[in-house]
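The values are calculated or read from the model by the stated rules, or taken from the named source; none is laboratory data. Keep in mind that this is a model prediction, so the values were computed, not measured. No Cβ is skipped: glycine too gets one built from the backbone with ideal geometry, and neighbour counts run over all protein chains shown.
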Amino acid sequence: MDAHTKDIENLHNPVLKLCHGVGHALLSFFQKAGQLFFFIGRAIYHSFTPPFFPAQLWRQLVDIGYYSLPVVGMTALFTGMVLALQSYTGFTRFNAESAVAGVVVLSVTRELAPVLAGLMVAGRVGASIAAEIGTMRVTEQIDALTTLSVNPFKYLIAPRLIAATLTLPILVFIGDIIGVYGGYIVSIYNLGFSPGSYLSQTWDVVENMDVISGLIKAGVFGFIVAMMGCYHGFNSGRGAQGVGAATTNAVVSSSILILIFNYLLTQVFFS
Amino acid sequence: MSKQAAPKIELSGIKKSFGNNHVLNGVDLVVPEGKSMVIIGGSGTGKSVMLKCILGLLDPDAGSIKIDGNEIVGLSPQDRDELMRKFGMLFQGGALFDSLKIWENVAFGLIQGRSMDRVEAREIAIKKIKAVGLREDVANLHPAELSGGMQKRVGLARAVAASPEIIFFDEPTTGLDPIMADVINKLIVEQVREIGATGLSITHDMGSVRTIADYVAMIHDGKIVWTGPVEELDNSGNEYVEQFIHGRAEGPITRRVA
């Protein structure tokens with residue numbers, strides 16, 4: 001590669017240099033993408049083929065699901081509260097205060113609960129998955145698994161992938177309820193709505209599809225977070241710096257993928 | 001080829017490169033059954049890469065690796081899993097699972113890899129923990145609570161727990177004081193003899209070599225430059241080996257300075 005690069009430089013031809021640079025970047029992009037898709041394929045394959053490790057799965061369900069509850073709950077609560085406040089200030093200008101309940105419930109169930117929960121879980125869970133698996137890579141614990149006849153995909157990756165994909169919809173469903181309740185509290189105690197009419201307005205507006213679409217999104221986001229955490233951790237570079245970079249990459253890539261897939265899924269569900 | 005004649009491990013023409021860096025340039029090596037082969041060589045000469053090729057953690061670019069006379073390069077994942085049951089390995093840094101207790105580490109291959117009952121596996125683990133000179137109450141501690149020497153002992157106990165046919169040792173004495181290093185070397189000999197395994201070690205510690213080796217091979221620039229019984233090590237007549245075992249800066253091995 002080095003000798004090749006030198007040849008190109010010796011040509012002193014800017015066009016050729018440009019082509020070389022672009023080609024090189026393109027090739028390495030396709031190589032990375034191929035590597036990622038191969039990894040995803042293997043991870044899914046090993047999630048569905050025995051042997052399974054139920055104890056590991058249970059640990060991850062608790063770690064990823066149960067311990068993310070406070071973070072997701074707080075996020076949903078304050079999001080619902082601020083939504084009620086903001087939409088009220090907007091809607092009073094048109095004497096349309098009665099729309100507040102509908103705006104809160106639709107925004108929370110369709111968009112805010114899944115996306116914000118996804119992003120919070122990306123920070124909490126994605127980072128810890130990447131750091132843990134990355135450290136295991138660096139300290140040869142993953143190689144040790146292999147020498148002890150245990151497939152690291154089945155033992156490390158499959159439980160995290162399954163746990164995140166299953167628990168995030170549950171988290172988001174709880175977040176939906178808490179978020180709507182946050183809007184309710186502000187509307188009743190701060191903005192002077194009557195409890196009965198607020199709730200009936202909420203029920204009038206919300207449909208099954210609003211909630212279900214949010215839960216499907218949540219499942220996809222959970223998959224993305226665990227997959228990015230595992231991928232970057234598994235391919236972590238050496239030393240503390242390698243693990244640090246893996247953690248950063250896991251959080252950044254899963255956050256961006258969540259936003260991209262949120263758009264794509266919304267397009268599929270509501271157009 | 002009769003069963004007895006097939007060597008336990010046989011490498012021929014193994015090549016492995018990373019980009020422009022040709023780490024292994026055709027390694028040929030034969031390890032007879034039940035013997036302990038030690039590979040010596042400086043840092044960065046390809047010792048670890050060779051070990052990882054045999055373990056299947058890396059795929060060689062060319063060449064053949066045979067275990068019991070059967071080719072293992074390009075093995076299917078199922079056959080590879082089956083083959084792994086013959087192997088045990090002591091890692092340089094121990095590579096203990098830090099989320100598990102000591103006895104769970106030692107019993108890991110039995111419980112997870114071979115689906116053994118936990119109670120039964122725990123008994124075997126405790127026996128192995130005692131065999132490497134640790135007290136029984138260590139079993140319920142976590143790896144982070146142990147010293148480096150103790151972690152190496154646990155790593156050894158884990159490597160031999162499932163009575164593998166071949167055990168690999170990656171720099172078993174690195175980072176230990178000379179006394180602890182000797183203790184670990186003696187334990188290795190004792191444990192490998194007890195289960196009748198074939199040993200393949202890589203090291204640059206000459207004390208280790210003289211204690212655990214039946215045969216020695218010297219690797220340099222990705223090739224085996226000398227191999228023979230450990231008794232012939234001092235009269236090898238090979239200038240690479242001479243320079244290495246006496247630790248001289250001058251000789252045919254020159255450090256590549258970037």
For residue B:80, which of the numbered conditions (1) more than 17 Å from residue A:151 (Cβ to Cβ); (2) within 10 Å of another protein chain (Cβ to nearest Cβ) fails to hold?
(1)
Filter result (part of a helix (DSSP H, G or I), within 14 Å of chain B (Cβ to nearest Cβ) and within 13 Å of residue A:236 (Cα to Cα)) within region A:103-139
A:129, A:131, A:132, A:133, A:134, A:135, A:136, A:137, A:138
Wholly within region B:95-186, which helices (runs of 4 or more DSSP H) include no fewer than the required count, namely at least 3 residues that are away from chain A (no Cβ under 14 Å)?
B:118-131, B:148-161
Residue match in region B:85-93 (condition: closer than 19 Å to residue B:166 by Cβ and more than 10 Å from chain A (Cβ to nearest Cβ))
no
Within region A:145-159, of all residues that are of a type in the set (A, V, I, L, M, F, W, C) and more than 9 Å from every other protein chain (Cβ to nearest Cβ), the one farthest from residue B:157 (Cα to Cα) is A:158
Report yes if some residue within region B:75-94 is crowded, with 17+ Cβ neighbours inside 10 Å, of a type in the set (Phe, Trp, Tyr) and within 26 Å of residue B:22 (Cα to Cα); otherwise report no.
yes
Restricting attention to region A:70-83, does a residue exist that is away from every other protein chain (no Cβ under 14 Å), of a type in the set (Gly, Ala, Ser), more than 30 Å from residue A:203 (Cβ to Cβ) and part of a helix (DSSP H, G or I)?
no
Anything in region A:90-134 that is under 13 Å from the mean Cα position of the chain (by Cα) and buried (at least 24 other Cβ atoms within 10 Å of the Cβ)? List them, or say none.
A:113, A:114, A:117, A:118, A:121, A:122, A:125, A:126, A:129
Odd one out for residue B:250, checked against (1) part of a loop (DSSP other than H, G, I, E, B); (2) touching a helix residue (DSSP H, G or I) at 6+ places or on another chain (Cβ under 7 Å); (3) of a type outside the set (A, V, I, L, M)
(2)
On the given criteria, is residue B:6 exposed (fewer than 15 other Cβ atoms within 10 Å of the Cβ) and not charged (D, E, K, R)?
no
Among the numbered criteria (1) in contact with a Gly (Cβ under 7 Å, 6 or more places away or on another chain); (2) over 28 Å from residue A:261 (Cβ atoms), which one does residue A:200 miss?
(1)
Evaluate the following for residue A:142: is it closer than 24 Å to residue A:241 by Cα, within 14 Å of chain B (Cβ to nearest Cβ), in contact (Cβ under 8 Å) with a residue 60 or more places away in the chain and buried (at least 24 other Cβ atoms within 10 Å of the Cβ)?
no
Checklist (1) more than 20 Å from residue B:110 (Cα to Cα); (2) modelled with pLDDT under 90 applied to residue B:201, failing item
(2)
Please indicate, with yes or no, whether at least one residue in region A:165-181 is of a type outside the set (S, T, N, Q) and either more than 23 Å from the chain's Cα centre (by Cα) or within 14 Å of chain B (Cβ to nearest Cβ) (or both).
yes
Of the conditions (1) without any contact (Cβ under 8 Å) to a residue 24 or more places away in the chain; (2) at positive phi, the single one that residue B:82 does not satisfy is (2)
For region B:16-55, give me the residue count where each residue is over 27 Å from residue B:211 (Cα atoms), away from chain A (no Cβ under 14 Å) and surrounded by fewer than 17 Cβ atoms within 10 Å (Cβ to Cβ).
2
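The rows are residues; the columns are (1) assigned by TED's automatic domain parsing to the domain that holds residue B:155; (2) closer than 18 Å to residue B:172 by Cβ; (3) among the small types (Gly, Ala, Ser).
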| residue | (1), (2), (3) |
| --- | --- |
| B:19 | no, no, yes |
| B:29 | no, no, no |
| B:69 | no, no, yes |
| B:106 | yes, yes, no |
Taking the stated definitions as given, is residue B:202 under 18 Å from residue B:31 (Cβ atoms) and either more than 18 Å from the chain's Cα centre (by Cα) or surrounded by 19 or more Cβ atoms within 10 Å (Cβ to Cβ) (or both)?
yes
